[in-house]
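Single-structure report; data block below.
Read-outs throughout are calculated quantities, based only on the coordinates presented, and are distinct from any laboratory measurement. From a predicted model like this one, the values you see are computed outputs, not experimental measurements. No Cβ is skipped: glycine too gets one built from the backbone with ideal geometry, and neighbour counts run over all protein chains shown.
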Amino acid sequence: MDCIEIQPPMIITPRLLPGVKIEDGFISIEKTEKTEGRGKPIWRWFVDIPEGEFTRDDLAGCEGHRGMMESMLAFLEAAAESYPDGENADLFPIPVVEWAQHNSDEICMIRTEIESGPMITDIKVLAEIVGADPTERSLSRRVYKSTECGAWLVLVEGGVRVGSIVEGTDRCADPVTLTYPFLAGEFWEALEDIERQCNTIWKETHGCEKCWPEGTVDQYGNEFKPGEVGAPVNPECPGCGGDGIIL
Ligand SMILES: [Zn+2]
């Protein structure tokens, strides 16, 4: 087996393969030497449950073990949902589908966790994931550097809050508070949300002198004289090309 990085919730199963544990069962996957018609690698899956050991090599995909496990779990969910007579019910042997149906909540949870990264339960886990020390100062610095708007982070009771000011204005993005436990994906999503807000505020307030030669009124009813700086950015402006003034 290649040297692969196994991150939670994925584990090395008793088959010594990357996989997950779901209640009383293990699901493992292994890349085969085979490829399907268009050249996608074929993966073999193993479902080891009290009802028996089941395996097939009918999973095709170009992703790594993490992405392929996500697909595998999604197929299991689809099969469980449509059992006994839906169109996906025959994707797996019947005992596997029945087991999946019985454990569908857990399967969905693990799939979400694979998809959105590990669950962040405290500041130490957060620090590890963003590559900082578990202090407000270090985390804040990391967040500041990894966002275009220069976002901030503060520790709050049971979690963290992120936000950002918008340079050259007195406005700021609405902060987002995350309370443990949250998914790594939710943390990155919060920072993206802050970036989006800053971007919107920037576009509303950083028009250059060529943006509105006739003057304009912004969506809040503020009037701007012809050529006044600080009006909304005109996306078609010949002067700044829709980027606004450079600070
Ligand atoms: Zn302009």
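Taking only the stretch 231-247 into account, find how many residues are near the ligand (Cβ under 10 Å from one of its atoms) and surrounded by fewer than 16 Cβ atoms within 10 Å (Cβ to Cβ).
Result for the stretch 231-247: 6.
So, of the residues in the stretch 200-225 that are within 10 Å of the ligand (Cβ to nearest atom) and closer than 18 Å to residue 168 by Cα, which turns out to be surrounded by the fewest Cβ atoms within 10 Å (Cβ to Cβ)?
The residue in question is 209.
Of the residues 194, 201, which single one is part of a helix (DSSP H, G or I) and either basic (Lys, Arg) or within 23 Å of residue 137 (Cα to Cα) (or both)? Spell out how you get there, then give the answer.
Numbers: 201 fails: either basic (Lys, Arg) or within 23 Å of residue 137 (Cα to Cα) (or both).
It is 194.
Checking the condition more than 18 Å from residue 192 (Cβ to Cβ), among the hydroxyl-bearing types (Ser, Thr, Tyr) and either touching an Asp or Glu at 6+ places or on another chain (Cβ under 9 Å) or touching a residue at least 60 places away in the same chain (Cβ under 8 Å) (or both), which residue from 135, 147, 121 passes? Even if it seems obvious, please write down each step before you answer.
On the way: 135 fails: either touching an Asp or Glu at 6+ places or on another chain (Cβ under 9 Å) or touching a residue at least 60 places away in the same chain (Cβ under 8 Å) (or both); 147 fails: more than 18 Å from residue 192 (Cβ to Cβ).
Result: 121 is the single residue among 135, 147, 121 that is more than 18 Å from residue 192 (Cβ to Cβ), among the hydroxyl-bearing types (Ser, Thr, Tyr) and either touching an Asp or Glu at 6+ places or on another chain (Cβ under 9 Å) or touching a residue at least 60 places away in the same chain (Cβ under 8 Å) (or both).
Looking only at helices (runs of 4 or more DSSP H) that fall completely inside the stretch 62-135, which ones have 3 or more residues that are over 22 Å from residue 41 (Cβ atoms) and in contact with a strand residue (DSSP E or B) (Cβ under 9 Å, 6 or more places away or on another chain)? Please lay out each step first, then the result.
Numbers: elements: 65-82, 94-102, 104-116, 123-130.
The helices (runs of 4 or more DSSP H) meeting that bar are 94-102, 104-116, 123-130.
Suppose we keep only residues that are part of a loop (DSSP other than H, G, I, E, B) and of a type in the set (Asp, Glu) within the stretch 1-57. Which one would you say is nearest to residue 69 (Cα to Cα)? Talk me through it step by step, then tell me what you get.
As a first pass, look at the stretch 1-57 and keep what is part of a loop (DSSP other than H, G, I, E, B): 1-10, 13-17, 23-24, 36-40, 50-51.
Okay, now just the ones that are also of a type in the set (Asp, Glu), so 2, 5, 23-24, 36, 51.
Details: 2: 17, 5: 14, 23: 16, 24: 18, 36: 18, 51: 21 Å.
Checking each candidate, the answer is 5.
Which condition from (1) in contact with a strand residue (DSSP E or B) (Cβ under 7 Å, 6 or more places away or on another chain); (2) within 15 Å of the ligand (Cβ to nearest atom) is the one that residue 228 breaks?
Checking residue 228 against (1) in contact with a strand residue (DSSP E or B) (Cβ under 7 Å, 6 or more places away or on another chain); (2) within 15 Å of the ligand (Cβ to nearest atom), the one that fails is (1).
Out of the stretch 168-217, which residues are within 30 Å of residue 123 (Cβ to Cβ) and of a type in the set (Gly, Ala, Ser)?
Passing the criteria: 173, 184, 185, 190.
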